[in-house]
1. Relative to the longest principal axis of the C-alpha atoms of the chain, give the angle of the C-alpha long axis of helix 334-344, reported between 0 and 90° and rounded to the nearest 10°.
2. Return the tail of the calculated pair distribution for the range 8-185, meaning the percent of Cα-Cα pairs more than 22 Å apart.
3. In the neighborhood of residue 263, defined by Cβ-to-Cβ distances under 11 Å, what is the net charge if each Lys or Arg adds +1 and each Asp or Glu adds -1?
4. Can you run phi through the Karplus equation (6.51, -1.76, 1.60; θ = phi - 60°) for the range 18-35 and list ³J(HN,Hα) in whole Hz, with x for Gly and Pro?
5. If the elastic network links every pair of Cα atoms under 10 Å, which of 293, 368, 218 fluctuates the most in the Gaussian network model of the chain?
6. Non-local amide H neighbours of residue 87 (under 5 Å, H modeled in plane, Pro and chain starts lacking H): which ones?
7. Could you list log10 I(q)/I(0) for the chain at q = 0.06, 0.07, 0.13, 0.14 Å⁻¹, which the Debye formula gives when each Cα is one point scatterer?
8. By the scheme Lys and Arg +1, Asp and Glu -1, what is the net charge of all other residues having a beta-carbon under 11 Å from that of residue 166?
Amino acid sequence: MSVLSGKKVLLGISGGIAAYKSPLIVRLLKSLDAEVRVVMTPSAKDFVTPLTLSTLSNNPVLSTFTANELDNPVWNDHVELGKWADLFIIAPATANTLSALVNAKCNNLLIATYLSCTSPVYIAPAMDLDMYAHNANQENLKILKSFGHQVLPVGEGFLASGLHGKGRMLSPEEIVDFIEKDLEKSLPLYGKKILITAGPTYEAIDPVRFIGNHSSGKMGFELAKEASKLGAEVLLVSGPTALELKDNRIDVRRVTSASEMFEVVMENYPDTQIAIAAAAVADFRPDNSHAQKIKKETGFNTINLVPTKDILATMGKEKKGQFLVGFALETEDELKNAIKKLKAKNLNAIVLNSLNDKGAGFSGDQNKISFINQEGNPTDFELKSKDLVAQDIFTQILKHYA
Ligand code: CTP
């Protein structure tokens, strides 16, 4: 999921030829589930139409201080617009607009909105090469940086003048990519690698039969999505589930058995800062899996079971600074047994799952948990959907993770 998803993005367009690319910025932002409003300078309308921008943004486009409604002028409220924005992108920013931004020269609605806006501001300059290189513009860009704004680099190539060089506005993709990366840096788990196990494991009896359990994998998948939202790079090692996930920060590795899960986890664990074992790993497997399907007439009444490797306990043994979180599913003496597991597996925290509430547990859509810290102190939560449970778990992890 993009860090821009759900964000209120204000796009300011000033009057340069690069404005013809601005509708594509709107489109990209919308495709990432951002809400977009557009403010443009009157001269930008010579390059791109408000109708194009309002259609793509699904919002009215403002360019003047007042509008006529039923023959009465009404004020286009630049203060409301500035306060509405979670971020303000000015693209293209012409030399004239750069100068107006620096000098608070409030002669159009874009500048008035900028002056009322308290959100982060991203500025994508666009001009001819000598204009861009000119000290006057370079000084303005320096001043805008000193205001705390992000000034995007310019691209190099053919310019509208026919010259070739530095000055063109970055492409819409480059602009959105730059902003996404910049916003990610402020997320609490930016730069951290998180490993999460999810789902059941299937332990083969023969090529068609297995020992498994009812785990849906949902809790682990929701944890992975939440970790990604918080900026982490996630490795999700999942047993067989019907769940799908498309997120460029989540690498989903599908495994079947406990031993396959063990291999993938232990290979990646040294490079991980936080690991969460949400998988319902089979504790036992058949001691030998038959190569061919066992036929009915052969008779078959005993399966010899041997223990699987405990993945979480092995991570606990090999811990070198990782923050390790386990899950515990208990039916009696819940707190006492969970704390016992926390200590025995050398964990930093353990999430105790309830089986006592209808709809909760590892096959349902909801969960009721207690988060138990390293000292054995529990924080109890209400029954809620697993996406909200994942948020609670990460709020707790962030409290305890140094
Ligand atoms: N776990 C694991 N590998 C295993 C078994 C369990 O990584 N072979 C992890 C689970 O992902 C979970 C934690 O260990 O985070 C506890 O699992 P649970 O089934 O509650 O406990 P067990 O240790 O298996 O003990 P028991 O079944 O006796 O309660």
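1. Around 90 degrees separate the two axes.
2. Here the long-distance tail beyond 22 Å is 40 percent of all Cα pairs in the range 8-185.
3. Numbers: positive: 253, 309; negative: 260, 267.
Value of the local net charge: 0.
4. My calculation for the range 18-35 gives 5, 4, 5, 8, 4, x, 6, 5, 4, 4, 4, 4, 5, 5, 9, 6, 7, 8 Hz in order.
5. It is 293.
6. For residue 87, whose amide H was placed from the backbone, the distant partners under 5 Å are 8, 10.
7. These q points yield log10 I(q)/I(0) values of -0.37, -0.49, -1.00, -1.08.
8. On the way: positive: 168; negative: 128, 130, 156.
Surrounding charge for residue 166 is -2.
The values are calculated or read from the model by the stated rules, or taken from the named source; none is laboratory data. Note that the structure is a prediction, hence the values are computed from the model and not measured. We place every Cβ from the backbone using ideal geometry, glycine too, and count neighbours over all the protein chains shown. Quick note on the areas: whole protein, heavy atoms, side chains included, nothing else; ligands and nucleic acids left out. Shrake-Rupley method; radii C 1.70, N 1.55, O 1.52, S 1.80 Å.
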